[in-house]
1. Take the residues in the range 172-197 that are surrounded by fewer than 14 Cβ atoms within 10 Å (Cβ to Cβ), in contact (Cβ under 8 Å) with a residue 24 or more places away in the chain and over 28 Å from the mean Cα position of the chain (by Cα), then tell me which one is nearest to N230 (Cα to Cα).
2. Looking at the range 506-527 only, could you name the residues that are crowded, with 20+ Cβ neighbours inside 10 Å and more than 23 Å from E443 (Cβ to Cβ)?
3. Determine if the range 663-677 includes at least one residue that is at pLDDT 90 or above, closer than 20 Å to S300 by Cβ and surrounded by 15 or more Cβ atoms within 10 Å (Cβ to Cβ).
4. Out of A289, A319, I need the residue that is part of a strand (DSSP E or B), among the hydrophobic types (A, V, I, L, M, F, W, C) and either modelled with pLDDT of 95 or more or over 20 Å from E404 (Cα atoms) (or both). Which one?
5. Quick one: how many residues across the range 637-661 are over 17 Å from V402 (Cβ atoms), part of a loop (DSSP other than H, G, I, E, B) and more than 22 Å from the chain's Cα centre (by Cα)?
6. Scan the range 484-505 residue by residue and report those that are over 23 Å from the mean Cα position of the chain (by Cα), of a type outside the set (G, A, S) and crowded, with 20+ Cβ neighbours inside 10 Å.
7. Exactly one of these conditions fails for G530: (1) buried (at least 21 other Cβ atoms within 10 Å of the Cβ); (2) assigned by TED's automatic domain parsing to the domain that holds T601; (3) of a type in the set (G, A, S). Give me its number.
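The values are calculated or read from the model by the stated rules, or taken from the named source; none is laboratory data. Being a predicted model, the structure only gives us computed values, none of them experimental. Every residue, glycine as well, gets a Cβ built from its backbone with ideal geometry; the counts of neighbours run over all protein chains shown.
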Amino acid sequence: MKFPAHYSLELAQQLNLRENQVSGTLNLLIEGGTVPFIARYRKEATGSLDEVAIGAIREGYFQRVDFDKRRESIIDSMSKSEKLTSVLKQQLSKASTLTELEDIYLPYKPKRKTRAVMARERGLEPIADNILAGTLTEKEVLHVVEVEKELTTGDDALAGARDIIAEKISEDQHTRTELRRLFTTHATLHAKVIKKNIEKGEKYASYFDWQEPSAKAPSHRILAMFRGENEKILSISIRPPVDSALRILKNRHLKTHRWQTEIKEAIEDSYQRLLAPSLENELRKHLKARADEEAIMVFSDNLRQLLLAPPLGQKRVLALDPGYRTGAKVVCLDGQGKLLDTSIIFPTHGEGKRQEAAKILRELVSRYQIEAVAIGNGTAGRETDEFVRSVQLPEDIIITLVNEDGASIYSASKSARTEFPDQDITVRGAVSIGRRLQDPLAELVKIEPKSIGVGQYQHDVNQAELQKSLQELVESCVNSVGVELNSASTELLTYIAGLGKTLAENIISHRENNGPFKTRRDLLKVPRLGPKAFEQCAGFLRISDSKNPLDSSGVHPERYTLVQQMAKDSKTTVQSLMQSEQLRQKIDLGRYINESTGMPTMIDIIAELAKPGRDPRKSFEQFKFGAGIHCIEDLHEGMQLPAIITNVTKFGAFADIGIKENGLIHISQLADRYIKDPNEIVKVLQKVTVRILEIDTRRKRIALSMKQCLSK
């Protein structure tokens, strides 16, 4: 399949890229290449574009395909209705935006029965045309009244003619373009409370009488006001000054002649009844799309930080899912996350139960040689954390709280029931908490991304766009880290480039029936996994104990022969080449460059030989909240505390200070200098020190500051 030649040129200009970069990328995408594979293994064809640029090319391509389909549909519709002239066809062919295309089509688009349509059916179009031309006579008006039985007076005829004029004005392409510009630059977003619902709308109190230029309104306020409108708390209008709009219309359409009063009335009607609602609706969609895009981007940035959180690694873990009434579920996991044992303790049920709980913990830690303790940070999390630290476990054991957002969703999921059919949801939840400590990415991919609490307004934004964006983000994270083929779950394999759910399930089934994969090439024995899928996925799948040492690296199998030749030319083995920096430094990379393998690929291969299967994630660091802080009543203004950033928004960041309620660090309190974006200063899971500015116990709100506080 080929793409039109002009696509690559247009996209190159739009994205500020070279045309050969765009055309090379499009060819690979059309051939079935995935974004992670193209970014990692086809740098020569793309000019070393990253995933963001490749994704932008892909989106731009689909937008142009859809645009051309819409253009052809319009041309076909107008041709069938015999409204297509050579001039109109040329205008449609030259249109460069969807808005321009729809504006050209608007006067010829099939309509419902509007007032103008009914006026035309009464034969009033000649009257309207003559009013606009200034040539209408009283005689013509009287004649049409005599002929048309539904008209009783000349005023009826003039009213119908005004309806036609109003519609003509509203469908004029240049008029819409000029007014659209006015709406975009000078509209005011005005929110008002609906008085009968004022009592149940307290959370929207800031917007009960709110005005600001829509062009400058930040995304979080737009989404908040639109949510208030959807909940029938607020009414919203988004329009420019009426005088400015009418001035544009009069300058364009009001002629000086005896019928100008009729035209002026039609202009005012056209604006209030047709143009203003239509253009306001357009602007609403534009503002919503802009706000959605920004909110999804913030959500994606936060989720990336969470997915790429430092893993503890293959250590034996005891995990607790805390609780008051029902106690804390305890599970023990081996280094690969396999469930070894379960128990339940009641550390908050009096001294006797505390001593019993301590005894159980010490026994489990000793029996399974536990190396780390993971404690869910939900209800009773801090109390359980302090209890575990008081048990006097071996000093080298890591004890840490783990974010359990979404763990309850996983524990009730089909995959959790399949893996643990004989365990209740609290055990499954505890297992998930423990595995999150071992490898956050491998565990979090089992949960629907939007269920992980690192976004705002995720239920208000375009759900299809949110799902698509988060799906691509998870895929990017999984492939950037790589996956151990012989231990990966179905969910993790699903996100590997070129696989998907069916092939992931087939890989698991083949592994269970035939034992561990011995080499990457064994993947070709998996049902329905053909050469194309193998090409896309193989480089991201690792086999740590393979006979071929390259199977544990990010070197693609298509380059194995090249690496073997490098080793042969160096009079050594591939294994020795991977172990010796001195040997690698002696290699003349230029010697191995050819049409398909350029210097970018050679540099990547050498980097992989140096650190095969390197994990891009940071090393795990233990964190401890401030002692003696359990609830909001334990806080006081001016107190400084260690905290973890849990969510970053455009207006600031939320931080966990070790109690149920997160505190808000407003953007103005993030640094001792002016910043435009909180991401300049903080990221999700970053460890910081905060100072308490204000405590609102009634509304459970805590204002924090990082000014003059040093990050850990």
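1. From the range 172-197, those surrounded by fewer than 14 Cβ atoms within 10 Å (Cβ to Cβ) are 174, 177, 181, 185, 195-196; that's our starting set.
Those left that are additionally in contact (Cβ under 8 Å) with a residue 24 or more places away in the chain: 174, 177, 185.
Now restrict to residues that are over 28 Å from the mean Cα position of the chain (by Cα): 174, 177.
Details: H174: 33, T177: 29 Å.
Filtering first and then ranking leaves T177.
2. Answer for the range 506-527, where residues must be crowded, with 20+ Cβ neighbours inside 10 Å and more than 23 Å from E443 (Cβ to Cβ): R520, L523, V526.
3. Yes, that holds for at least one residue.
4. Numbers: A289 fails: part of a strand (DSSP E or B).
Unique residue meeting the criteria: A319.
5. Taking the range 637-661 first, the residues over 17 Å from V402 (Cβ atoms) are 637-641, 648-654, 661.
Retained after the next criterion (residues that are part of a loop (DSSP other than H, G, I, E, B)): 637-639, 650-651, 661.
With the extra rule that they be more than 22 Å from the chain's Cα centre (by Cα), the set shrinks to 637-639, 661.
Count: 4.
6. L485, L503
7. The single condition G530 does not satisfy is (1).
The rows are residues; the columns are (1) touching a Lys or Arg at 6+ places or on another chain (Cβ under 9 Å); (2) of a type in the set (D, E).
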| residue | (1), (2) |
| --- | --- |
| F299 | yes, no |
| Q305 | yes, no |
| A309 | yes, no |
| G313 | no, no |
| R325 | no, no |
| G335 | yes, no |
| K338 | no, no |
| R354 | no, no |
| E363 | no, yes |
